[in-house]
Amino acid sequence: MEYNFIEIEKKWQKFWADNKTYKVDTDSHKPKFYVLDMFPYPSGAGLHVGHPLGYIASDIYSRFKRLKGFNVLHPMGYDAFGLPAEQYAIQTGQHPAVTTEKNIQRYREQLDRIGFSYDWDREIRTCEPSYYKWTQWAFLEMFNHWFDNKTSKAQPIDMLISIFEKEGNTNINACCGEVSSFTAQEWNSMTELQQADILMQYRIAYLGETSVNWCPELGTVLANDEVKEGLSLRGGFPVVQRKMRQWQLRVSAYAQRLLDDMEDLNWTDSLKEMQRNWIGRSQGAEILFKAGHQKASYDITIFTTRADTIFGATFMVLAPESEWVDKLTSDECREQVDQYLVLAAKKTERERIAETKKMSGVFTGSYAINPFTEEKIPVWISDYVLAGYGTGAIMAVPAHDSRDYTFAKQFDLPIIPLIEGCDISSESFDAKEGIMCNSGFLNGMSVEQAIPAAIDEVERRALGKRKINYRLRDAIFSRQRYWGEPFPIYYKDGIANPIPLDSLPLELPEVDKFLPTESGEPPLARAEKWTYNGYPIETSTMPGFAGSSAYYLRYMDPNNSNSLVSKEANSYWRNVDLYIGGTEHATGHLIYSRFWNKFLYDIGYVCEKEPFKKLINQGMIQGRSNFVYRVKGSNKFVSLNLKDGYDTTEIHVDVNIVHNDKLDIDAFRAWMPEYSSAEFILEDGEYICGWAVEKMSKSMFNVVNPDTICEKYGADTLRLYEMFLGPLEQSKPWDTNGIDGVNRFLKRFWRLFFKEGEFSVSSEPADAKELRVLHKLIKKIESDIENFSFNTGVSAFMIALNELYDLNCNKKEILEPYTILLSSFAPHISEELWRLMGNEGSVCLAEYPKYIHEYTVEDSFEYPISFNGKLRFKLNLSLKLSKEEIEKAVREDANTMRVLNGLTIKKIIIVPGKIVNIVC
RNA sequence: GCGGGCAUGGCGUAAUUGGUAGCCGCGCUAGACUUAGGAUCUAGUGCCGAGAGGCGUGGGGGUUCGAGUCCCUUUGCCCGCACCA
């Protein structure tokens with residue numbers, strides 16, 4: 001009987017679906033295990049072979065854990081809100097819900113063919129009202145909470161109000177916007193609007209005016225992680241900074257906790273490092289400088305991590321957007337300053353970044369007093385200082401900061417070296433090392449000593465205080481788009497009010513067009529009756545990360561209509577034990593999700609403070625393009641190794657009509673009409689194609705659809721091959737050159753169960769050699785899966801199969817456990833063979849094979865000579881032993897003899913102290 | 001510029017974690033069975049050499065009885081961050 005993978009795979013996929021083989025429930029006496037994939041955005045292009053890489057790995061792990069007796073939660077869903085569907089809608093007028101639905105169906109079909117063990121009853125889609133009800137709910141919870149710095153945790157806003165009513169805000173230490181202090185009486189005498197404005201400064205989800213990334217092309221604001229090098233991640237359009245009033249999430253309040261709790265996570269160091277950089281904690285001090293011109297004087301606070309260099313602060317710089325700019329600009333300089341501000345505002349982020357080498361700036365006309373040197377130093381404005389970081393103002397120390405140095409050189413400002421022996425003739429000395437000089441009381445100290453000493457002095461003289469700054473900023477949460485979650489907020493008399501929970505979900509309304517209105521309002525403003533009790537509803541929608549921030553919680557209890565997740569479900573499933581996905585979410589989703597989880601933890605909603613215990617980043621699969629070489633001016637194509645003799649043009653050819661770099665000539669002629677009469681110059685009767693590794697994309701003709709592989713080789717081969725390709729975390733090109741080997745392995749495995757076309761498995765007991773093969777395999781597979789070393793795992797299956805062929809073994813005692821082990825990797829073929837062996841119930845739920853046989857010294861068998869006839873043992877020998885003594889020790893060592901029994905020792909290689917190599 | 005990672009046959013990779021480098025697979029060579037084979041099976045396959053043997057983990061140096069693995073240095077690739085004061 002042939003290995004008919006098409007039939008087998010179809011049969012078992014249907015069986016698993018019909019019988020809900022992979023359905024899981026919370027009420028179980030088994031230990032839980034939660035394995036999660038980063039759910040996909042269902043794009044119109046469908047899945048290519050790169051997408052399932054992580055899914056296959058997580059599926060193998062899930063199946064393995066299930067075999068080991070765990071109750072495994074392994075769900076899948078779709079991150080279905082997003083820009084591409086909306087842009088498609090704008091172009092075609094088709095509702096994004098329609099295209100999204102279509103794409104999801106396609107994804108589902110493709111996923112189903114690969115044989116994943118998902119519990120599809122738990123599928124979620126972020127664009128469904130029953131799901132986004134809970135996204136809206138979480139937003140309202142954030143709206144109704146504030147962050148208490150004293151306890152470092154979210155607290156209800158009602159509690160804040162009652163404190164205000166009793167004692168004002170003087171005793172409150174909150175993470176909030178700019179609020180001046182007030183007493184209880186002052187609070188109580190405020191209007192409703194005034195109170196609402198103040199409360200807004202405290203809320204965790206708040207409406208606030210800040211400098212935002214505005215993308216004119218997309219017509220929306222973007223979060224920091226959606227912008228890279230001044231361009232939008234989606235589409236690559238320029239982004240400018242603009243002051244806008246937007247909904248924001250106070251992620252920055254959680255900066256320290258996000259940092260601290262990372263310690264216990266089982267994530268890669270590089271990913272943790274990325275998050276650390278993104279959070280960007282820096283320790284320093286805020287220092288007060290008096291500054292002003294003839295007409296007025298102000299206190300300006302700056303932030304610095306190098307308080308030790310204050311004696312070298314020879315000027316001050318303000319960000320163009322700084323609120324001090326207006327105040328410190330003198331009348332004489334007003335005109336130039338205004339010109340500069342206009343110029344700076346027009347620059348895109350990208351231009352700003354590009355101008356690192358050349359700096360621009362303008363003098364304000366004001367001077368500040370360096371509090372340590374008492375010198376008068378000029379105050380400048382330049383866009384190399386960012387408004388959003390620190391206080392938007394710096395003390396410039398050109399001798400020890402490269403940016404200040406460039407600026408000082410350009411505008412001819414004084415540079416004072418502060419470290420003995422440093423050379424600042426051509427560049428600044430940025431290193432934090434050396435002995436201080438020109439620095440008053442700090443002279444003679446090392447930099448390390450001088451930093452705290454300087455801050456102590458600052459604090460003693462009440463010029464400022466120690467301060468920790470974070471690069472992490474609050475997340476801009478509004479998008480001026482249609483295809484997202486509506487905000488459950490309505491406006492009454494200028495006050496933002498929550499739409500109560502029992503009116504949720506607030507469903508996305510129908511609109512006639514998906515574009516902004518003529519007056520520039522977001523598309524939702526087109527909706528008829530977009531009101532609540534007659535009051536207008538917020539017209540922005542939430543960003544992509546809103547729906548993906550808590551989806552892992554929803555899987556625990558996907559159909560609950562009373563709660564995001566029930567207490568019972570949450571306390572059973574707790575958090576994700578294994579999360580697999582790409583690194584591209586390091587600073588977006590993985591930060592937001594952690595923040596979201598921590599907030600829900602604070603309000604007592606979830607029981608774990610971190611969402612994802614272990615995280616694996618699968619590598620990207622790149623495309624491997626193939627080329628043909630057309631002789632210029634003809635329809636002749638020359639094979640790779642002969643092309644040097646001709647003047648040729650390199651042309652991408654569809655990789656699906658190339659096999660092992662050999663072109664299928666007939667398929668090529670049929671591929672495009674212009675090649676139908678193509679002629680070929682062959683080498684050894686073949687046309688060999690050139691190749692290159694490129695991004696997988698349609699235009700390079702190197703996209704491989706997993707369906708194609710499933711048709712040709714079957715899903716089991718696809719699964720094994722993707723794992724065999726190399727280490728999971730490594731990026732690699734998709735290269736089908738080796739797929740035949742893996743396919744051959746499955747065919748060989750299949751044949752092991754058949755004799756002359758008949759299914760034939762022996763029920764005789766296995767002998768020691770055969771058991772050894774099995775036990776070696778069990779041990780290896782177990783450790784490989786636990787270490788996510790799936791490539792060597794596949795190899796181990798192949799090695800064991802070779803050995804079984806050598807032993808001519810078809811015994812059930814060996815083949816049955818082998819089949820169970822293989823079922824994690826190749827479930828379809830395993831299921832078929834499992835049933836043919838006469839078993840009831842799915843192999844996927846079978847009992848994990850255990851060691852059924854322990855070796856003892858009495859076991860006598862020849863050691864399989866798979867180490868090229870050489871064995872190596874560790875023995876506890878001392879240097880002083882003679883060769884004979886060592887030989888004797890080897891012979892007497894029980895562990896060694898157990899394996900050596902029955903073999904003749906030919907040679908012993910001795911390395912004194914540790915190791916003995918034995919050739920038999 | 002800063003931070004992290006990698007470098008092993010013609011190719012993808014492996015190496016019991018400091019112990020005879022090259023497992024497994026691809027490809028290739030030869031053979032068997034075949035009308036045929038993108039099927040199957042057998043043998044071989046790091047490099048040089050007829051052979052004995054020698055040389056080999058990007059280059060150079062070091063530690064060690066012993067280094068692909070540890071340390072220093074250098075080169076080349078990949079990834080992340082980038083005016084964050």
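Before moving on, here are some points about what is shown:
- Matching residues, region A:2-49, being on the phi > 0 side of the Ramachandran plot and at pLDDT below 95: A:Gly46
- Test: residue in region A:54-69 that is in contact with a strand residue (DSSP E or B) (Cβ under 9 Å, 6 or more places away or on another chain) and farther than 30 Å from A:Ile820 by Cβ: no
- Across region A:334-385, the number of residues qualifying as modelled with pLDDT under 90 and assigned to a strand (DSSP E or B) comes to 1.
- One residue from A:Thr309, A:Thr364 being away from RNA strand B (no atom under 14 Å from the Cβ), among the hydroxyl-bearing types (Ser, Thr, Tyr) and at negative phi: A:Thr364
- Against the test of being within 27 Å of A:Ser232 (Cα to Cα) and in contact with a Lys or Arg (Cβ under 8 Å, 6 or more places away or on another chain), the options A:Pro522, A:Pro486, A:Pro505, A:Pro516 yield a single qualifying residue, A:Pro522.
- Any chance A:Glu217 is at pLDDT below 90, surrounded by fewer than 19 Cβ atoms within 10 Å (Cβ to Cβ), away from RNA strand B (no atom under 13 Å from the Cβ) and of a type outside the set (Gly, Ala, Ser): yes
- Filter pass, A:Phe182 being in contact with a Cys (Cβ under 8 Å, 6 or more places away or on another chain) and either among the basic types (Lys, Arg) or on the phi < 0 side of the Ramachandran plot (or both): no
- Residue match in region A:57-80 (condition: under 26 Å from A:Pro516 (Cα atoms) and buried (at least 23 other Cβ atoms within 10 Å of the Cβ)): yes
- Against the conditions (1) under 20 Å from A:Glu457 (Cα atoms); (2) surrounded by fewer than 24 Cβ atoms within 10 Å (Cβ to Cβ), A:Arg334 satisfies every one except (1).
- Counted residues, region A:398-412 - those being more than 9 Å from RNA strand B (Cβ to nearest atom) and within 29 Å of A:Lys243 (Cβ to Cβ): 2
- Strands (runs of 3 or more DSSP E) contained entirely in region A:447-558, each with at least 1 residues that are within 16 Å of RNA strand B (Cβ to nearest atom), in contact (Cβ under 8 Å) with a residue 24 or more places away in the chain and within 26 Å of the chain's Cα centre (by Cα): A:464-470
- Any chance A:Ile665 is within 13 Å of RNA strand B (Cβ to nearest atom) and touching a helix residue (DSSP H, G or I) at 6+ places or on another chain (Cβ under 6 Å): no
- Which numbered condition A:Cys689 misses (of (1) surrounded by 17 or more Cβ atoms within 10 Å (Cβ to Cβ); (2) free of Cβ contacts under 8 Å to residues at least 40 places away in the same chain): (2)
- The residue of region A:566-624 that is surrounded by the fewest Cβ atoms within 10 Å (Cβ to Cβ), among those that are assigned to a loop (DSSP other than H, G, I, E, B) and β-branched (Val, Ile, Thr), is A:Ile603.
- Sole exception among (1) closer than 19 Å to A:Gly46 by Cβ; (2) more than 10 Å from RNA strand B (Cβ to nearest atom); (3) surrounded by fewer than 19 Cβ atoms within 10 Å (Cβ to Cβ) for A:Lys695, by number: (2)
- Counting only residues that are over 19 Å from A:Leu207 (Cβ atoms), buried (at least 18 other Cβ atoms within 10 Å of the Cβ) and not charged (D, E, K, R), region A:137-163 holds 1 of them.
- Annotation note: Cβ proximity below 8 Å between a residue of region A:741-752 that is of a type in the set (S, T, N, Q) and a residue that is not in a helix (DSSP H, G or I) (sequence gap 6+ or interchain) occurs for A:Asn743/A:Tyr713; A:Asn743/A:Gly714.
- Filter pass, A:Tyr34 being more than 28 Å from the chain's Cα centre (by Cα), of a type in the set (Phe, Trp, Tyr) and not in a helix (DSSP H, G or I): no
- Qualifying residue in region A:256-266 (condition: within 14 Å of RNA strand B (Cβ to nearest atom) and surrounded by 20 or more Cβ atoms within 10 Å (Cβ to Cβ)): no
- When region A:242-294 is filtered for residues that are under 20 Å from A:Phe599 (Cα atoms) and among the hydroxyl-bearing types (Ser, Thr, Tyr), the ones remaining, listed by number, are A:Ser252, A:Tyr254.
- Which listed residue is within 28 Å of the chain's Cα centre (by Cα), part of a helix (DSSP H, G or I) and of a type in the set (Val, Ile, Thr), from A:Ile56, A:Ile8: A:Ile56
- Those residues of region A:408-445 which are among the acidic types (Asp, Glu) and either at pLDDT 90 or above or surrounded by 12 or more Cβ atoms within 10 Å (Cβ to Cβ) (or both), in sequence order: A:Asp412, A:Glu420, A:Asp430
- Flag for A:Met395 being under 43 Å from the mean Cα position of the chain (by Cα), at pLDDT 90 or above and within 8 Å of RNA strand B (Cβ to nearest atom): yes
- Top-ranked residue of region A:265-285 - restricted to ones that are more than 14 Å from A:Phe612 (Cα to Cα) and basic (Lys, Arg), ranked as farthest from the chain's Cα centre (by Cα): A:Arg281
- Flag for A:Asn660 being on the phi > 0 side of the Ramachandran plot and not hydrophobic (A, V, I, L, M, F, W, C): yes
- Residues that are touching a residue at least 12 places away in the same chain (Cβ under 8 Å) and acidic (Asp, Glu) within region A:361-394 comprise A:Glu375, A:Asp383, listed in sequence order.
- Evaluating A:Lys272 against the criteria (1) over 24 Å from A:Ile455 (Cα atoms); (2) in a strand (DSSP E or B); (3) of a type outside the set (Phe, Trp, Tyr) leaves one unmet condition, (2).
- Which numbered condition A:Asn641 misses (of (1) of a type in the set (S, T, N, Q); (2) in contact with a strand residue (DSSP E or B) (Cβ under 6 Å, 6 or more places away or on another chain); (3) at pLDDT 85 or above): (3)
Matching residues to (1) touching a residue at least 60 places away in the same chain (Cβ under 8 Å); (2) outside any strand (DSSP E or B); (3) near RNA strand B (Cβ under 8 Å from one of its atoms):
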site	(1), (2), (3)
A:Arg276	no, yes, no
A:Leu288	yes, no, no
A:Asp299	no, no, no
A:Val325	no, yes, no
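- Region A:735-785, subset part of a helix (DSSP H, G or I), hydrophobic (A, V, I, L, M, F, W, C) and more than 12 Å from RNA strand B (Cβ to nearest atom), residue surrounded by the most Cβ atoms within 10 Å (Cβ to Cβ): A:Leu774
The values are calculated or read from the model by the stated rules, or taken from the named source; none is laboratory data. What you see is a predicted model, and the numbers here were worked out from it, not measured in a lab. Reconstructed Cβ throughout: ideal geometry from the backbone, glycine too, with neighbour counts over all protein chains shown.
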